[in-house]
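Some notes on the structure that comes next.
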Amino acid sequence: MAVIRLHLPPDRSYDIVCGRGILGQIGGRLSATGGRRAVVIADAAVSATHGRRVAESLADSGIQVLPVEIPAGEGSKSVAEAGRVWGLLADQAVDRNTHVVAVGGGVVGDLAGFVAATFARGIPVWQVPTTLVAQVDSAIGGKTGINLPAGKNLVGAFWQPSGVFADIDALATLPHREYVSGLAEVVKYGMIFDPDFFAWLEANAADLVARSPDQLMHAVERSAALKAAVVERDEREITGARAALNYGHTFAHAFETAAGYGRLLHGEAVAIGMSCAARLAADMGRLAADIPARQDALVARLGLPVSLAGVGPLDADELLAIMARDKKSLDRRLRFVLPSRIGAVALVGDVDEARVRRVLAG
Ligand SMILES: NC(=O)c1ccc[n+]([C@@H]2O[C@H](COP(=O)([O-])OP(=O)(O)OC[C@H]3O[C@@H](n4cnc5c(N)ncnc54)[C@H](O)[C@@H]3O)[C@@H](O)[C@H]2O)c1
Ligand SMILES: [Zn+2]
């Protein structure tokens, strides 16, 4: 087991606990902070398994539990679902001494976090991520939110959790495609922050695909620590440090939007997006020419795509228009997080459109 402390001002600092079979510790940790009631908000795919283990741990510590089940899928990050959960909390006379515990992937973490951020002007939330994406990314850092028909994550709040419990045993039931998709974000951490970790991923790719516990534990722990460190430096995405996490994501969001949500999993889009970003950086002379192929080789060994070949043709004009609208681009100019070597990235503005077209053409 590893405990990573995320250091922010005292009222917002917390522990990220990574390990095997740790869900039984939640009750003790939550009751130690004074929690007496808990609303366990769980994804339908895990409510009977991991959700139940969490509820039992809480009950064993004398905490009164209200279970709430959320339908699986991105559709639950909605105004309607947030409204339903607010209503349930109001019916139960939930007050600020009641804690929310989110059990599931990024969908439930973002929804439950947002509900906790807003109900009674904010009640504590604990994150129990059960997908790889959630363990290495979404459960850490306090970004919460829901979608609107006009776009993803348009309504949200920064609301740091009181603690995070990443139990790698919970990933055993994750479908293969979902699991592998999460590995794209793991590669991202190596590329943007940590060359040694990148080399370690190259040496351990096969074991990671096989979910070997020791390798999986190291990958989750290292990724969580790198995410925590950048959140400490830039809690609210103001200094620019947190922007590094968007490596591959300007391309990825365009692919997801143009392909239609659901065709590509987010991590698959990120894998292709990182390939494009690395090739763009090399084309601009910002990155050594051999690095894009090295990154592609690792990504491919993890079972992820490195090109749009399997997605079908996407219109370059449409992709460029979506990227120019991206939150990261100023004045509709194209702006990307680009690597300068393995382990370092920079935000690069005013990128020439012709270069981007070349990269998209493959
Ligand atoms: N807040 C942030 O900083 C942040 C960062 C990255 C992503 N996100 C958000 O996270 C969401 C994606 O998260 P995700 O990839 O975890 O998707 P998800 O929450 O939809 O989970 C993926 C699928 O796995 C199922 N599932 C979850 N845990 C399982 C388990 N242990 N066993 C079997 N099935 C399980 C779910 O029911 C779902 O069908 C997106 O909405 C994205 O916007 C947020
Ligand atoms: Zn991502």
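The values are calculated or read from the model by the stated rules, or taken from the named source; none is laboratory data. Quick caveat, the model's predicted, so the values are computed rather than measured. As a convention, Cβ positions derive from the backbone with ideal geometry for all residues, glycine included, and neighbour counts pool all protein chains shown. For the accessible areas, the whole protein counts, side chains as well, though only heavy atoms, and no ligand, DNA or RNA atoms are used. Shrake-Rupley method; radii C 1.70, N 1.55, O 1.52, S 1.80 Å.
A few points about this structure:
- Residues within region 237-258 that are out of contact with any helix residue (DSSP H, G or I) (no Cβ under 8 Å at 6 or more places or on another chain) and modelled with pLDDT under 95, tallied: 3
- Counting only residues that are open to solvent by less than 10 Å² (accessible area, probe 1.4 Å), closer than 16 Å to ALA219 by Cβ and part of a loop (DSSP other than H, G, I, E, B), region 131-147 holds 2 of them.
- Residue count, region 48-101 (criterion: among the small types (Gly, Ala, Ser) and in contact (Cβ under 8 Å) with a residue 60 or more places away in the chain): 2
- Scanning region 253-268 for residues that are within 11 Å of ligand 1 (Cβ to nearest atom) and open to solvent by less than 10 Å² (accessible area, probe 1.4 Å) yields one hit, GLY267.
- Criterion: open to solvent by 10 Å² or more (accessible area, probe 1.4 Å), in contact with a Ser or Thr (Cβ under 8 Å, 6 or more places away or on another chain) and away from ligand 2 (no atom under 16 Å from the Cβ) - qualifying residue of ALA90, ALA117: ALA117
- Residue list for region 1-56, restricted to those being under 19 Å from the mean Cα position of the chain (by Cα) and acidic (Asp, Glu): ASP15, ASP43
- Near pairs, Cβ below 9 angstrom, 6+ apart or cross-chain, from region 155-168 (of a type in the set (S, T, N, Q)) to any residue that is open to solvent by 10 Å² or more (accessible area, probe 1.4 Å) and in a loop (DSSP other than H, G, I, E, B): GLN160/LEU8; GLN160/SER13; GLN160/GLU235; SER162/THR33; SER162/PRO124
- Candidates SER340, SER275 - the one that is assigned by TED's automatic domain parsing to the domain that holds PRO195, assigned to a helix (DSSP H, G or I), modelled with pLDDT of 95 or more and of a type in the set (S, T, N, Q): SER275
- Filtered by the rule that a residue be farther than 17 Å from GLU221 by Cα, part of a strand (DSSP E or B) and modelled with pLDDT of 95 or more, region 148-196 gives VAL155, GLY156, ALA157, PHE158.
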